Every structure is written in C-alpha cells, then in structure tokens.
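The values are calculated or read from the model by the stated rules, or taken from the named source; none is laboratory data. These numbers come from a predicted model, not from an experiment. Positions of Cβ are backbone-derived with ideal geometry, glycine not excepted, and every protein chain shown enters the neighbour counts.
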Amino acid sequence: MQPRPDPWPRPPSCCPHDLLDLPPGNARVAVAGLVLVRQRPGTANGVIFVTLEDETGVANVIVWRKVYERFRRAVIAGRLLKVTGRVQRESGVTHIIAEEIEDLSHLLDSLLQEDPAPAAPGTGG
C-alpha cells in the first residue's frame, strides 16, 4: 500500500469551517452546515452562492449550473447541507467549489428529541 501524497483527510470527514485555511488549494474536502444564505445573482450565469455555518464559522460554497441541476432539490430546500468539493482561494477568500451536495436536514429533527434520562450515579450507565 502506497502512502498518501499528503496528510489532508479525505471525505467523508467534514472539515470544521475554521480550518478551511489548512488544506492546500484544489484539495477535495467536505463541509457541513446550516444554510445561512442562497444567492443567485442575475449576472452570475446560473451560478449559485451558498453560505453555510457550523459552530466554528462560515463556509462559502460556489455551485455551478451543472452541479445545481444534479442536486437541485438539496440546493433549493436544504436547511442543513453537506457539500463535497474543491478548495479555491482567491484574494484571500476561501471557497468550496461544489461537486456533490447532500441534504442532511432530516438530522435537525433529532435535535428536538429529548435526551434519555442520565443514569443514576454508581449504576454504571
């Protein structure tokens, strides 16, 4: 088995947004977060800009038209998204160029469920 060319973790592990300055340019990464903003400027030729937020910060995602067409439902309706794509840096700003988009909104419902009662001290649970 050959060693990896670089130590950067590969998806499916999601990179916290505050660490997006660590992977090299064009590295393939996955990020996940709540959708803060979806923008589709009329001058952007079908490109959609999505801003995701996790507990560490925000990630800027660029969704090209062909990717949007493949993952339209997730892009339009998703509240919690996982995006896998390539790191791009321009003028000090880091973007993720989306290749795959997964709607994880169903996981938000589990946040509303009550935690099971904690085990009593000394019961080993």
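General observations
Okay, residues lined up against (1) at pLDDT 95 or above; (2) within 15 Å of Asn26 (Cα to Cα):
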site: Asp54; (1), (2): no, no
site: Val63; (1), (2): yes, no
site: Tyr68; (1), (2): yes, no
site: Arg72; (1), (2): yes, no
site: Val75; (1), (2): yes, no
site: Thr84; (1), (2): yes, yes
site: Gln88; (1), (2): yes, yes
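Rundown of residues vs (1) over 12 Å from the mean Cα position of the chain (by Cα); (2) without any contact (Cβ under 8 Å) to a residue 24 or more places away in the chain; (3) part of a loop (DSSP other than H, G, I, E, B); (4) surrounded by 16 or more Cβ atoms within 10 Å (Cβ to Cβ), yes/no style:
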residue	(1), (2), (3), (4)
Val37	yes, yes, no, no
Gly46	yes, yes, yes, no
Phe49	yes, yes, no, no
Val61	no, no, no, yes
Glu69	yes, yes, no, no
Leu81	no, no, no, yes
Gln88	yes, no, no, no
Ala98	no, no, no, yes
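- Checklist (1) farther than 13 Å from Leu52 by Cα; (2) touching a residue at least 40 places away in the same chain (Cβ under 8 Å) applied to Leu104, failing item: (1)
- Residue selected from the range 8-26 under the condition modelled with pLDDT under 55 and out of contact with any Leu (no Cβ under 9 Å at 6 or more places or on another chain), by the criterion nearest to Leu52 (Cα to Cα): Pro11
- Qualifying residues in the range 100-112 (those that are under 25 Å from Pro23 (Cα atoms) and among the hydrophobic types (A, V, I, L, M, F, W, C)) - the one surrounded by the fewest Cβ atoms within 10 Å (Cβ to Cβ): Leu104
- When the residues of the range 12-35 are filtered to those that are outside any loop (DSSP other than H, G, I, E, B) and not hydrophobic (A, V, I, L, M, F, W, C), the one that is surrounded by the fewest Cβ atoms within 10 Å (Cβ to Cβ) is Asp18.
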